[in-house]
Amino acid sequence: MLGVLHEKYGSIVKMEGILARANMVILYKPEHFDQVYRAEDTNPLRPGFDSLVYYRTVLRKSTYNGVYGLTTAQDEKWRHFRTKVNPALLKPKLVKLYAPALDEIAKEMVDRLIKLNGKGDYLQKNLDLEMTKWALESIALVGLGNRLGCMEDNLKQDHPGRQLIQCARDMMELAYKLEFFPSLWQKYSTKNFKKLVKTYDLQWDVSKMYIDEAKRQINERGHDIPEEDKSILEKLLSIDENVALMMANEMLMAGIDTVAFSTTGVLYHLAINPEVQKKAREEARSAEPQKRYIRACIKESLRIYPVIPANLRRTGKDHIVAGYHIPKGIDVIAPNEFLSKLDKYYPRAKEFIPERWLVEKTHPLYYGNAHPMITLPFGFGIRSCIGRRIAEMEIETFLRKFLDKVEVGWEGPPIEVETKVMNLFVKPYRFKFKSI
Ligand code: HEM
C-alpha cells in the first residue's frame, strides 16, 4: 500500500484520520522525516496502543499508581521512567553480563529444534511458537532472573508462560483490529474491545505472578550477590519499585514476538543463501570473539524484514517541510521498510548481502551511502527500543549455537510476510533443518 500511495501522490502524502484517529502524513524522503524526528526528539511522542493507554490510565487506573510504562507513557512521565531504566537495559557492559545465561538457553533451544525436527511437519506449523518460547525464556531470565520452563516438552496450553505468549499475540491482533480500522470502542465496549481488556488483564496477572515470585526469591536470598547474577528487576527494584514492576511487565510483553520474528528472519536468509550460511558458520566456529559477520547478517535481515515496518511520531509543534505546513498533533510516518528495499538507496536492495555492512566506504555496496534514517529497525533517538541491546545479544547467541550444530535450508516458494501492527511470517515454515 505504501508503494501505491507513493506512486500516486508523491513524496508527501496526507491521510485524514478516521473516527478517533489523528491525521497522518507519510514522508517518503528520509531528509524530510529526519527533519521532523530530530526536531521532535527532545520530547518524542509515539502514538499507538490507544486501547492499552485507556486500559492503564482509565479502566485499571488504581492498579498502575500513575506509572504507565514506556509503551504508553508520554511527556514527563515517559522521560522520568526512561531515565530510570536506561542504564540497566542499555549499557553494553551491564547487558553483557547476561551472556552466559543466554548461552545456556540458546543451547537448549538448538537441541530442542533438532529434536522437534524429527517430529513430522511439527515445525512447519509451529516454528513461531517454539521461537517465542525461547524468546520468552530468554527475556524472563534477563528480566526476572528466573527460568519459566517454557521449553519443556508437552507444555500445557494453560501453562503461565504459554499464556504470556498467547497474550502478546492476541494483544497485537486485537489492537490491530481496533486501532487500524474504524471501530467504536472509544464510544462503547465492542466485542473485540472486551476481548482485549480480558487479554490485558490476563497478561498483567500472569506477569505479576512471575514478578512477585522473582521478588520473593530476591528477598529470601538477600542482595549481597555479584552484579552479574542480578536480574534487571533486581537492579530496578533498588531504584523505584513501581518502575521495576512496570518495566518487567513490558519486557514480558515486548520481548517475545519481536525477537522470535527477527531471528526467524535471519534463519530464512541463511537458508536461502548457503554461501552466506557457510561463512557465518565458519565465524561461529572460530575463536574470534567479535562475530562481525554474524552481526552483519542480523543487520541485513532486519533491513529486509524489520518487525515494525514503519516508525511513527506525533508532532508536538508545527513544522514546515518542503514548503508544506505540518501542524501540531499530526502522526508523521517514516516508511522505513519500504525505503530500505529501494535500489536507489541500497544497490541490489532486495538481495541479502551482509557484506554491505562490512565493506570499506569506497565500495559501491557500502551501507553508509544510504541516508542513516532509512533503516531504523529499532526506531529512532531517545525513544528507540529499550530492549535493543538485549535483543541483539539474544539473537547473536542463538545464531552462534545454531550455526555450529545445524544446517538450514528452505524448500518451496519464498516466505511471505503479513503486517498486523508488527510483521509476521505466514505459515508454513518450509525450513529444512539438518543436524551436523
Ligand atoms: C529484534 C527485536 C526488537 C525489535 C526489532 C524492536 C523494535 C522496536 C521499535 C521499532 C520500537 C519503537 C521505537 C521508536 O519509536 O523509536 C521499540 C520500542 C520498544 N521496545 Fe523493542 N524491539 C525489539 C525487542 C525488544 C525487547 C527484547 C524488549 C524488551 C526489553 C523491547 C521493548 C521495547 C519497549 C519497552 C519499547 C518502547 C520504548 C519507549 O517508548 O521508550 N523490545 N522496539
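The values are calculated or read from the model by the stated rules, or taken from the named source; none is laboratory data. The structure displayed is predicted, hence computed values, not measured ones. Backbone-built Cβ (ideal geometry, glycine too); neighbour counts: all protein chains shown.
Some points to look at:
- Qualifying residue in region 54-65 (condition: touching a residue at least 60 places away in the same chain (Cβ under 8 Å) and assigned to a loop (DSSP other than H, G, I, E, B)): yes
- Ile320 meets all of the listed conditions (1) within 26 Å of Ala254 (Cα to Cα); (2) hydrophobic (A, V, I, L, M, F, W, C); (3) surrounded by fewer than 16 Cβ atoms within 10 Å (Cβ to Cβ) but one, namely (1).
- Search result, residues across region 412-423 that are at pLDDT below 95 and among the aliphatic types (A, V, I, L, M): Val421, Met422
- The condition (being among the acidic types (Asp, Glu), in a loop (DSSP other than H, G, I, E, B) and surrounded by fewer than 20 Cβ atoms within 10 Å (Cβ to Cβ)) is satisfied by just one residue among Asp212, Asp205, Asp224: Asp224.
- When Tyr346, Tyr305 are checked against the criterion of being away from the ligand (no atom under 11 Å from the Cβ), of a type in the set (Ser, Thr, Tyr) and over 16 Å from His32 (Cβ atoms), Tyr346 stands alone in meeting it.
- Any hit, region 288-301, residues being outside any helix (DSSP H, G or I) and among the aromatic types (Phe, Trp, Tyr): no
- For region 242-277, filtering for residues that are assigned to a helix (DSSP H, G or I) and under 28 Å from Lys84 (Cβ atoms) leaves 18.
- Test: Leu174 is of a type in the set (A, V, I, L, M), surrounded by 13 or more Cβ atoms within 10 Å (Cβ to Cβ) and in a helix (DSSP H, G or I): yes
- Checked against (1) surrounded by fewer than 17 Cβ atoms within 10 Å (Cβ to Cβ); (2) modelled with pLDDT of 95 or more; (3) polar (S, T, N, Q), Gln157 passes all but a single condition, namely (2).
- Single match in Val243, Val276, Val266 (criterion: over 19 Å from the mean Cα position of the chain (by Cα), closer than 27 Å to Met171 by Cα, more than 8 Å from the ligand (Cβ to nearest atom) and among the aliphatic types (A, V, I, L, M)): Val243
- Condition met for Arg281 (closer than 26 Å to Gly10 by Cα, modelled with pLDDT of 95 or more and surrounded by 19 or more Cβ atoms within 10 Å (Cβ to Cβ)): no
- Evaluated against (1) within 14 Å of the ligand (Cβ to nearest atom); (2) within 22 Å of Val142 (Cβ to Cβ); (3) modelled with pLDDT of 90 or more, Leu52 falls short on exactly one condition, (2).
- At least 3 residues being within 23 Å of the chain's Cα centre (by Cα) and surrounded by fewer than 21 Cβ atoms within 10 Å (Cβ to Cβ) is the threshold, and among the strands (runs of 3 or more DSSP E) wholly inside region 323-436 those reaching it are 417-420, 422-425.
- Conditions (1) closer than 25 Å to Lys194 by Cα; (2) of a type outside the set (Phe, Trp, Tyr); (3) over 20 Å from the mean Cα position of the chain (by Cα); (4) part of a helix (DSSP H, G or I); number of the one not met by Val110: (1)
- Number of the condition not met by Arg82 [criteria: (1) part of a helix (DSSP H, G or I); (2) surrounded by fewer than 16 Cβ atoms within 10 Å (Cβ to Cβ)]: (2)
- Test result for Lys341, more than 27 Å from Asn369 (Cα to Cα) and in contact with a helix residue (DSSP H, G or I) (Cβ under 9 Å, 6 or more places away or on another chain): no
- Out of Gly381, Gly329, Gly409, sole residue that is within 11 Å of the ligand (Cβ to nearest atom) and either closer than 30 Å to Met171 by Cβ or at pLDDT 95 or above (or both): Gly381
- Residue satisfying all of: in region 20-47; surrounded by fewer than 17 Cβ atoms within 10 Å (Cβ to Cβ), under 23 Å from the mean Cα position of the chain (by Cα) and charged (D, E, K, R); farthest from Trp185 (Cα to Cα) among these: Arg38
- Residues located in region 180-196, provided they are buried (at least 19 other Cβ atoms within 10 Å of the Cβ) and out of contact with any Ser or Thr (no Cβ under 6 Å at 6 or more places or on another chain): Trp185, Phe193
- Scanning region 75-122 for residues that are within 16 Å of the ligand (Cβ to nearest atom) and of a type in the set (Val, Ile, Thr) yields a count of 4.
- Some residue of region 147-156 being out of contact with any Cys (no Cβ under 9 Å at 6 or more places or on another chain), of a type in the set (Asp, Glu), within 30 Å of Arg21 (Cα to Cα) and free of Cβ contacts under 8 Å to residues at least 24 places away in the same chain: no
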